[in-house]
Amino acid sequence: MRRNDRVLRWSLLARFTHYLLLIGVVIGVLTGLPVLDGKLFYPLYIITGGEFGREFLHHYATLIILLIAVPFVILRGVESLTREGEESWWPGWEDIRKAFVIIGDWFGVTKKYPKIGFHHPMEKLLLISVHLGLILLGLSGIPIVLFDVGYEFRALLMFIHDIGFILVIIPIAGHFMLAINPVNWPTLKAMFINGYVPRSWALKHHSAWIGKKD
């Protein structure tokens, strides 16, 4: 494929940040599920090294990787505001309007599908949910690991931790299902290879983004 037939979708910074978040979240989920249900997820308990290995990975490996990711997430947010053709992660009223139109299209209520920019409106909501969830997980998990908190305070922190987990795991599950959809394979391959997608794919699925670049 010639260079003219491709367009940069994911910068090196975007891909590196994604790798860090992916590794940190996967380790956190795999080592946290046995705590949620020891019987159902007992195989994960064994795979992650028993109680010592699971606890070390969940408490420290996840924490270190996600803390390393923080400055890159901030830089990535700045990049999204300054890079030509991209847009803010934060959903505006136009994104909310488009989201309702898209949902209506799913159920056959509306017929005119809106033009999509760099980010799909639903993707922006996913990003907000995941980042908020990670913040809650960090704010609740760090005191539990590093400090001797009382029973009542620990129960509150665990409740906040559970809310953070829900805010992360539900959109991540949806993100995974969309990523493996054949329609999205070009952007999935771009994330893990060189960042480029076919221009034809971008014109079809993100026409408002390509319009800004062209």
Members of segment 67-118 found to be on the phi > 0 side of the Ramachandran plot and part of a helix (DSSP H, G or I), listed by number: none
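Consider Phe100 carefully, then state whether it is open to solvent by 50 Å² or more (accessible area, probe 1.4 Å), of a type outside the set (S, T, N, Q) and touching a residue at least 40 places away in the same chain (Cβ under 8 Å).
Taking the combined requirement at face value, the residue does not satisfy it.
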Any hit, segment 11-32, residues being part of a loop (DSSP other than H, G, I, E, B), open to solvent by less than 60 Å² (accessible area, probe 1.4 Å) and within 30 Å of Val197 (Cβ to Cβ): yes
So Glu123, is it open to solvent by less than 80 Å² (accessible area, probe 1.4 Å), in contact with a Gly (Cβ under 7 Å, 6 or more places away or on another chain) and among the acidic types (Asp, Glu): no
Within segment 152-172, tally of residues that are of a type outside the set (A, V, I, L, M) and either under 15 Å from the mean Cα position of the chain (by Cα) or not in a helix (DSSP H, G or I) (or both): 3
Of all residues in segment 33-60 being open to solvent by less than 60 Å² (accessible area, probe 1.4 Å) and hydrophobic (A, V, I, L, M, F, W, C), the one that is nearest to the chain's Cα centre (by Cα): Leu33
Selection within segment 109-148 - touching a Pro at 6+ places or on another chain (Cβ under 6 Å) and among the hydroxyl-bearing types (Ser, Thr, Tyr): Ser129
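Test Phe100 against the criterion of being among the aromatic types (Phe, Trp, Tyr), within 19 Å of the chain's Cα centre (by Cα) and modelled with pLDDT of 85 or more, and give yes or no.
On the way: among the aromatic types (Phe, Trp, Tyr): yes; within 19 Å of the chain's Cα centre (by Cα): no; modelled with pLDDT of 85 or more: yes.
So Phe100 does not fit the description; no.
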Candidate set from segment 191-209 (those that are among the aliphatic types (A, V, I, L, M) and under 20 Å from Pro121 (Cα atoms)); member that is nearest to the chain's Cα centre (by Cα): Met191
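The values are calculated or read from the model by the stated rules, or taken from the named source; none is laboratory data. Owing to the predicted nature of the structure, the values given are computational and were not obtained by experimental measurement. Glycine also receives a Cβ, built like all others from the backbone with ideal geometry; neighbour counts cover every protein chain displayed. Ligands, DNA and RNA are stripped out before the accessible areas are found, and what is left, the full protein with its side chains, is counted by its heavy atoms. Shrake-Rupley method; radii C 1.70, N 1.55, O 1.52, S 1.80 Å.
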